[in-house]
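Engineer: Would you mind keeping the following structure in view while I ask a few things?
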Amino acid sequence: MPPYIQKKPSKNKRVKSASNVRRGRRNRQRGAELQRLLVNKCKELGLEAHNRDRGGAMHEKGDVEIQGEFYGCKRRKRIPTYLMPEKEEIGVVFRGERMPPMISLPLDRFLLMLKIVTEEE
């Protein structure tokens, strides 16, 4: 850089303020609460479950391990209404373009089905 072009010192240095640091804390707590709830429900049914995402460690395979399989936990304030059962449905099957079909079920029903399947093995 030529000497006659001087770089001005930046005044916009990002400083972490206390409010910005706290901003994500409650969201992380809510996610951890969901993970603990899932593990506790599994243990009540006699399923083997472990929380693999403790302390924000971000396990590469998933948040919770149930019977050797990994599951992610997502907690949102609102979820799309089309994912929720209507009328007398017990679940909703949905699919995006070029994606495999998925199902939305109440957690208790899914865990009960998982328990029945694992007892038969």
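Engineer: For M113, state whether it is surrounded by 11 or more Cβ atoms within 10 Å (Cβ to Cβ), over 16 Å from the mean Cα position of the chain (by Cα) and in contact (Cβ under 8 Å) with a residue 12 or more places away in the chain.
Structural biologist: Judged against the criteria, M113 is not a match.
Engineer: Further, regarding this structure: What number of residues within the range 76-97 are touching a Lys or Arg at 6+ places or on another chain (Cβ under 7 Å) and surrounded by 14 or more Cβ atoms within 10 Å (Cβ to Cβ)?
Structural biologist: Result for the range 76-97: 0.
Engineer: Among N20, N12, N27, which is among the polar types (S, T, N, Q), in a loop (DSSP other than H, G, I, E, B) and either modelled with pLDDT under 95 or at positive phi (or both)?
Structural biologist: N12
Engineer: Out of the range 30-58, which residues are part of a loop (DSSP other than H, G, I, E, B) and at pLDDT below 65?
Structural biologist: Correct list: A57 only.
The values are calculated or read from the model by the stated rules, or taken from the named source; none is laboratory data. Bear in mind that the values here come from a model prediction, so they are computed numbers and not experimental data. Don't worry about glycine lacking a Cβ; one is built from the backbone with ideal geometry, like all the others, and counts go over all protein chains shown.
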